[in-house]
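Working notes, structure below.
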Amino acid sequence: MNRFLLGCILPIILLSGCENRREETTVPSQVKTAPISSAVAPAAVTTRLFEEAVKAKLVEYPTQALPVWRQFRQQHPALLLISNNPFLSPTPEVLRNEINTLLTSSPDAEIIKRTNFSAPDILIQPDMALSAALGAGLFSSIYWVYPSTVDMEKIGLKQFKDQMKTSGLLHPDEAATLNLNGGIIQGHARGIPFKAIHPDAVQAIEDPVVVHFDLSFFPSLYKGEIKTPLYTLIKDTLYMLKAASPQALAVTISYSNLTGDLPLASRFIGQNLVSLMAQPALIDAELPPNWDRRRKALYLPNFFQTDEIKKLYLQMEQETPNDPSVKYGLYQNSREQKAGDQALNYLAQAVALDQTYGLEYLELASVATEKKLPKQSLRMLRLAAETFADNGFIALSLAQALGQNGQKEEASAIASRLQTLPWSTTYYPGVPATLRQMTLAPE
């Protein structure tokens, strides 16, 4: 969604900078531990990933995994992170004490509230998730497995250091500790051991770990069903992870659709990963019927077989009538066949089952704007605003579009309502002034 909002999306491994978006990383002093006042920490029971069933926790973005991560603070495990984004953007210094208090002393519900990506008073942005966790002393070391289409022999240490510094993910002193050996770049980050690992260099991990899998791992690797069949890519990734034989205390998975790191069309991967971890035998088995139908539906666009694709999705719908990803597939197919009303009907069904698919309304609004169809753009923005009624940013986009369309009274009314929200002076200092300008008397 934060094509519309504020995301800084990191491309495949050697990351592009966020153009002065963040203050420079500072090396924190020793973290003072504090008791956790929420749930009692669970016993240190580990599970061998893909040898035993694991119930993974599926969340929208990585900061929503913090309540799970902090349960194991007393065990002080390592974090095994499989992601395109290391979530090491520095937390603002002015907020660090408040962030540490949130993670060490506040109820889980408060963490979810203060990390809500659409909240005007957000405390921790998604790309700061690991920085915040390290500031609160949750992990003893980091194993970051990143996606790469480059042979591990061609990974450049200097380029990695430069980009980690430029993006603000590592302080220059931290970057100076890095060295490269056999596809593993290792050093220290925030005072603990840090390893950035090429997928071909993954080795057995002996430490107890919390595993976090962010679906941003896949888009840069996926080059279409002919070159990189998606289910083959998923299984190969899990075989890679299985080779590490990690002793997992917990597994969390983040979609990252809301941050723009994963297209909506790939959202189904999250549920598939949950199933694969709960039923490890699926990794070596033939694809379940609906997964195989989806595989075919992903392949057939290479041959413009829209009618056959629709048949496959209708078969999937018959088997799983409440699967929002199937409704979304039917939406895409109907749109491809120029059946606009039918497409919007399927999209509405997907949104009713899973609100996140409402992000597509923003995409449709953008397309309508490009085609100079302001009424259609407004219609889609209204649908998005209705779907995400608590999202002030979408409401602001709607108000701006209304103003540009001459509907200044309605735009002013929305802006007046948004002025009552507690906008963060750290992240959104300019929003109140924008809203005040919009509430001036209409011409």
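The values are calculated or read from the model by the stated rules, or taken from the named source; none is laboratory data. This is a predicted model, so every value here is computed, not measured. Every residue, glycine as well, gets a Cβ built from its backbone with ideal geometry; the counts of neighbours run over all protein chains shown. Surface areas here come from the heavy atoms of the whole protein model, side chains and all, with no ligands, DNA or RNA. Shrake-Rupley method; radii C 1.70, N 1.55, O 1.52, S 1.80 Å.
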The one condition residue 131 fails out of (1) open to solvent by 20 Å² or more (accessible area, probe 1.4 Å); (2) over 21 Å from residue 247 (Cα atoms) is (1)
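Scanning for something within 17 Å of residue 80 (Cβ to Cβ) and open to solvent by less than 40 Å² (accessible area, probe 1.4 Å), does region 285-301 turn up at least one residue? Quick ask: steps written out before the conclusion?
Initial filter on region 285-301 (within 17 Å of residue 80 (Cβ to Cβ)): none.
No; the residues of region 285-301 include none that is within 17 Å of residue 80 (Cβ to Cβ) and open to solvent by less than 40 Å² (accessible area, probe 1.4 Å).
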Residues in region 143-170 that are within 30 Å of residue 74 (Cα to Cα), touching a helix residue (DSSP H, G or I) at 6+ places or on another chain (Cβ under 7 Å) and surrounded by fewer than 24 Cβ atoms within 10 Å (Cβ to Cβ) total 1
Residue 435 fails exactly one of (1) among the aliphatic types (A, V, I, L, M); (2) under 30 Å from residue 127 (Cβ atoms); (3) open to solvent by 30 Å² or more (accessible area, probe 1.4 Å), namely (3)
Screening 223, 227, 242 for residues that are surrounded by fewer than 20 Cβ atoms within 10 Å (Cβ to Cβ), over 30 Å from residue 329 (Cα atoms) and of a type in the set (Lys, Arg) leaves only 242
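Condition first: part of a loop (DSSP other than H, G, I, E, B) and in contact with a Ser or Thr (Cβ under 9 Å, 6 or more places away or on another chain). Now tell me which residues in region 207-227 satisfy that. Show your work before the answer.
Restricting attention to region 207-227, the residues satisfying the condition of being part of a loop (DSSP other than H, G, I, E, B) are 207, 218-227.
Within region 207-227, 207, 218, 219, 220, 221, 222, 223 meet the criteria.
Just to confirm my filter: which helices (runs of 4 or more DSSP H) fall fully inside region 240-336 and include at least 2 residues that are within 22 Å of the chain's Cα centre (by Cα)?
Working: elements: 268-278, 289-299, 306-319, 324-336.
Those helices (runs of 4 or more DSSP H) span 268-278, 324-336.
What residue, of 110, 93, 60, is at pLDDT 95 or above, open to solvent by 10 Å² or more (accessible area, probe 1.4 Å) and in contact with an Asp or Glu (Cβ under 7 Å, 6 or more places away or on another chain)? Lay out the reasoning, then the answer.
Values: 110 fails: in contact with an Asp or Glu (Cβ under 7 Å, 6 or more places away or on another chain); 60 fails: in contact with an Asp or Glu (Cβ under 7 Å, 6 or more places away or on another chain).
None of the others qualify; the one that does is 93.
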Here the residues within region 401-440 that are without any contact (Cβ under 8 Å) to a residue 24 or more places away in the chain, more than 24 Å from residue 113 (Cβ to Cβ) and basic (Lys, Arg) are 436
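Are any residues in region 370-383 touching a Ser or Thr at 6+ places or on another chain (Cβ under 8 Å) and in contact (Cβ under 8 Å) with a residue 24 or more places away in the chain, and if so, which ones?
So the first thing to find is which residues in region 370-383 are touching a Ser or Thr at 6+ places or on another chain (Cβ under 8 Å), and the list is 377, 381.
The answer is 377, and nothing else.
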Of the residues in region 113-128, those that are closer than 20 Å to residue 165 by Cβ and open to solvent by 10 Å² or more (accessible area, probe 1.4 Å) come to 127
Expected output for region 274-290 (first residue touching a residue at least 40 places away in the same chain (Cβ under 8 Å) and farther than 17 Å from residue 316 by Cα, partner of a type in the set (Phe, Trp, Tyr) and open to solvent by 40 Å² or more (accessible area, probe 1.4 Å), Cβ below 8 Å, 6+ apart or cross-chain) is 283/239
Of the candidates 236, 261, 207, 214, the one satisfying the condition of being under 30 Å from residue 347 (Cα atoms), acidic (Asp, Glu) and open to solvent by 10 Å² or more (accessible area, probe 1.4 Å) is 261
